[in-house]
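A.B. asks: Here it is, the structure in full.
What follows is calculated from the coordinates using simple rules that are stated; it is not laboratory data. This one's a predicted model, so the numbers in the text were calculated from it and none came from an experiment. Please note: Cβ atoms are built from the backbone with ideal geometry, for glycine as well, and neighbour counts cover all protein chains shown.
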Amino acid sequence: MQSSKILLAASIGLCALIGIWGVADPAGLQAVASSIVDQYFISRGWFVMLSVTIMLLFCLALTLTKFGDIRLGADTDRPEYSTPTWIAMLFAAGMGVGLLFWAVAEPLTHFHFAKEFLPAPIAAEQALLAANFNWGIHAWAIYGTTALAIAYFSYRRGTPMMVSAPVKNLFPGETWANVVGWFSDFMAIAAIAIGVAGSVAMGVFQVADGVTVLLGNEETTSVLVGVVFVAMIAAYIPPLLVDLGAGMARLSNIAMALAIGLVIYTIIMGPSEFLLNSIVSGIGSYIAVVIPRGLQTYTFFGDEISKWFRDWTLTYMVWWIAWGPFVGVFVARISKGRTIREFVLGVLIGPTVFSTIWFGAFGGIGIFDTLNGQGDLLALTQTNVERMTFALLERLPLSTLTTLATVLAAFLFIVTSVVSAAFVLGTFSTGGDPNPSVRIRVIWGGLLGVLGAAMILSGSMQAVRTLIALGALPFVFITVILLACLIRALLQDTRKEPAHADR
């Protein structure tokens, strides 16, 4: 109990300190964060890529072995959700507003960089490949490993859904295990808070820019950004005052349905043949290099390309690690009754396929405009990245309706993410209480708002991404510990009894 109180006070204090610093001196916080993150990426980038690739290979290996037959829960348990609903919930939790924000902007930003070194067709192919890789199966391997460790220990060994649970369960009563466990929970809280706050900032930027487009204005004002931010806080505080129920799942499903509708609409109303070819080609290119690309650190390519790798791929891998504990707990909660094989294939394959379709459609139409039009979208990547998705929608029929749908989806993704994150943070910071008090939830909701304000005041998406990376750096090592604990537990338990799913 005393340890939980210390954890609660320490985690709230750290997040409050970072938030206040960011609001009072955003430039100073950004400078410190950039210095730390840059040095870490230069010296330990290889470790991040190696760790993430090992997680992916481990997850894939589980599906081919007897461990894949183990059920998350009692052998008689069965899944609560249908597979399509389950995969939709996975995707909404793991990606959400980020895909809406970067749908067009990321592939075209990569293309703008790559065309300085490669012919346009190859630059286009490599641009889509980079986006697919950054948002693909490696991200879900991070989520899958974290979620599987939490789910396995919770459903098979009866531990609370805490990051510290695997270490404490395997080494009961050991002082060092308690210290490592406490630190793991502490850093998980920091990673979740800063990661979700970054997504709040991203969502505010996108919603504000969408409202600007709907109003017919050219520039998004700081006043509008502030209004959207206040509206978002006003939307997510009330749900924190009641129990987290099916209503939040319904909101997530609505947001996901809007996203699916947008990608289908884009393929139908855009240059359909080009986009479908782009999607199929993108999937093929991605499959061909998915494993070796995970071990590529661009050591021999010079400073410019190495910096691009750090600013994008490395930043993304650490970003997914920042979201790992939050998404891990959520995925663990909705996956009881599935076998490890079902779990791994669903977590890795379903969302990855959707991401490649998403970037093939939105990134593909951006590249089509660049190769066959005047290249206005490409130029926009250098001046207003927040406007990219809306600028694309303006080129299609019913742009007002699709812009409104995008704004609504972004708003819903952020509200549901913050509410869910506040519950998870409350659970972690109170030692595993599955239903933290209203006071604790509201405190975390308020701190997420303060951290989000700090991110917004940093003034750019690059600054937001750097701050997210800063929050996740220590958790890189904790994910490796979780992986090691899961392997040990699987080996221990299968020696005691045969692994089976009782189908």
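A.B. asks: Residue by residue through region 321-337, which ³J(HN,Hα) values in whole Hz follow from phi under the Karplus form 6.51 cos²θ - 1.76 cosθ + 1.60 (θ = phi - 60°), with glycine and proline marked x?
C.D. replies: Each residue's phi maps through the Karplus curve to give 5, 4, 7, x, x, 5, 5, x, 5, 4, 5, 4, 5, 9, 10, 4, x Hz.
A.B. asks: On to the next question. What are the residues whose amide H is under 5 Å from the amide H of Thr159, where those residues sit 5 or more places off or on another chain and H is modelled from the backbone?
C.D. replies: Ser154
A.B. asks: From the backbone phi of region 146-159, what are the Karplus-calculated ³J(HN,Hα) couplings (6.51 cos²θ - 1.76 cosθ + 1.60, θ = phi - 60°) in whole Hz, Gly and Pro given as x?
C.D. replies: Once θ is set to phi - 60°, the couplings for region 146-159 become 5, 5, 5, 4, 5, 5, 4, 5, 6, 8, 9, 10, x, 8 Hz.
A.B. asks: Would you compute, for the Cα atoms of the chain, the largest minus smallest coordinate along each principal axis and list the three values in descending order, in whole Å?
C.D. replies: So the three principal-axis extents are 66, 48, 45 Å.
A.B. asks: When the gyration tensor of region 284-443 is built from Cα positions, what are the square roots of 5 times its three eigenvalues, in whole Å, from largest to smallest? Don't jump to the answer; show the numbers that get you there.
C.D. replies: Numbers: eigenvalues 225, 117, 64 Å².
In descending order the semi-axes read 34, 24, 18 Å.
A.B. asks: Report, by chain and number, residues whose modeled amide H sits under 5 Å from the one on Thr339, excluding near sequence neighbours (fewer than 5 apart, same chain).
C.D. replies: Leu72
A.B. asks: Report, to the nearest 10°, how far helix 83-94 tilts away from the longest principal axis of the Cα atoms in the chain, using its own Cα long axis and a range of 0 to 90°.
C.D. replies: Here the helix axis deviates by roughly 80 degrees.
A.B. asks: Okay, next question. Using only Cα atoms and rounding to the nearest 10 degrees, what angle (0 to 90) does helix 340-372 make with the longest principal axis of the chain?
C.D. replies: Orientation of helix 340-372: about 10 degrees from the principal axis.
A.B. asks: Follow-up. For a quick protection proxy, order the peptides 358-367, 18-27, 303-312 by their average other-Cβ count within 10 Å, most packed first. List each step's numbers first, then the result.
C.D. replies: On the way: 358-367: 28.3, 18-27: 17.5, 303-312: 15.9.
Ranking, from highest mean packing down: 358-367, 18-27, 303-312.
A.B. asks: Give the relative contact order (percent, whole number) for region 104-148; include only Cα pairs under 8 Å separated by 6+ residues.
C.D. replies: Details: 22 pairs, mean separation 16.2, N = 45.
The normalised contact order for region 104-148 reaches 36 percent.
A.B. asks: Also, quick follow-up: Could you tell me the relative contact order of region 2-496? Use alpha-carbon pairs under 8 Å, at least six residues apart, and round to a whole percent.
C.D. replies: Computed value for region 2-496: 38 percent relative contact order.
A.B. asks: If I take every Cα pair under 8 Å that is 6 or more residues apart in region 142-287, average their sequence separation and divide by the length, what percent do I get for the relative contact order?
C.D. replies: 10
A.B. asks: Please arrange Tyr143, Tyr152 by how many other C-beta atoms lie within 10 Å of their C-beta, fewest to most.
C.D. replies: Working: Tyr143 28, Tyr152 25.
Least crowded to most crowded, the residues run Tyr152, Tyr143.
A.B. asks: Additional query: Considering only DSSP states other than H, G, I, E and B, which GluC sites (Glu not before Pro) in region 79-125 qualify as loop sites with at most 16 other Cβ atoms within 10 Å?
C.D. replies: On the way: sites: Glu80, Glu116, Glu125; in loops: Glu80, Glu116.
Those that pass, being in a loop and sparsely packed, are Glu80, Glu116.
A.B. asks: Rounded to the nearest 500 deg cm²/dmol, what is the calculated helix-only ellipticity per residue at 222 nm for the chain, with -39500 (n - 2.57) per DSSP H run of length n ≥ 4? Walk me through the intermediate numbers first.
C.D. replies: Details: 21 runs with 395 residues, N = 503.
The helix-only estimate for the chain comes to -27000 deg cm²/dmol at 222 nm.
A.B. asks: Once you order the gyration tensor axes a ≥ b ≥ c over the Cα atoms, which shape class does region 130-248 get: rounded for a/c under 1.5, otherwise prolate or oblate by comparing a/b with b/c? Each step should come with its number before you reach the end.
C.D. replies: On the way: a/c = 2.71, a/b = 2.10, b/c = 1.29.
Prolate, because a/c is 1.5 or more and a/b exceeds b/c.
A.B. asks: Here's a follow-up. Hey, what angle do you get for helix 120-134 against the long axis of the chain, alpha-carbon based, 0 to 90 degrees rounded to 10?
C.D. replies: 30
A.B. asks: Then there is this: Could you list which residues have their amide H under 5 Å from that of Val104, counting only those 5 or more apart in sequence or on another chain, with H placed in the peptide plane?
C.D. replies: Thr389
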